[in-house]
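Working notes, beginning with the structure itself.
The values are calculated or read from the model by the stated rules, or taken from the named source; none is laboratory data. Everything quoted here is computed from the prediction, not taken from an experiment. Surface areas here come from the heavy atoms of the whole protein model, side chains and all, with no ligands, DNA or RNA. Shrake-Rupley method; radii C 1.70, N 1.55, O 1.52, S 1.80 Å.
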Amino acid sequence: MYFVVSVLVVVIGVILFELLTRKYRDWEEIKNGNVAVALSVGGKVIGICIVLAFSIFHNDSVMSTFLWGLLGVVLQLIAYLIFELLTRGFSVESELKAKNIAVGIISFCVSVGLGFVIGASIT
């Protein structure tokens, strides 16, 4: 059941991030070979999975894992918006659409790093 719940949370997270993105469609960009967007989406998936792993290790119910996973998704969404606000010199979303791999790598790192912080915070 933990696996099923985890996959469900990741799918919900990916869908929400897709809705958050206004200047492009994640999976269309990935299909067209946009490595920057692939790194960004991959980082979000890994970040959510890290939160889920911490939750599975430290909670005794599937429902707790589901709820912590959803909280992890929400916090990742907030982090993405903050990341966009803190980069005043450029738009993260525009740079990802323009295939800027450096921005994709930083986006990946922010998502994975925050996955560890969020995960550790729930223990």
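Roll a 1.4 Å probe over the protein chains and send me the accessible area per residue for the stretch 8-85 in Å².
51
Which entry in (1) 2, 13, 23, 27, 21, 11, 3, 0; (2) 2, 11, 20, 22, 19, 15, 8, 3, 0, 0; (3) 2, 13, 23, 23, 17, 12, 7, 3, 1 is this structure's computed P(r) over Cα pairs in 5 Å bins from 0, in percent?
(3)
Of all the accessible heavy-atom surface of the stretch 24-87, with the other protein chains kept in place and a 1.4 Å probe, what percent is carbon and sulfur?
75
Once you have the Cα-Cα distance between His58 and Ile12, take 0.36 nm times their residue separation minus that, and quote the gain in nm to one decimal.
14.4 nm
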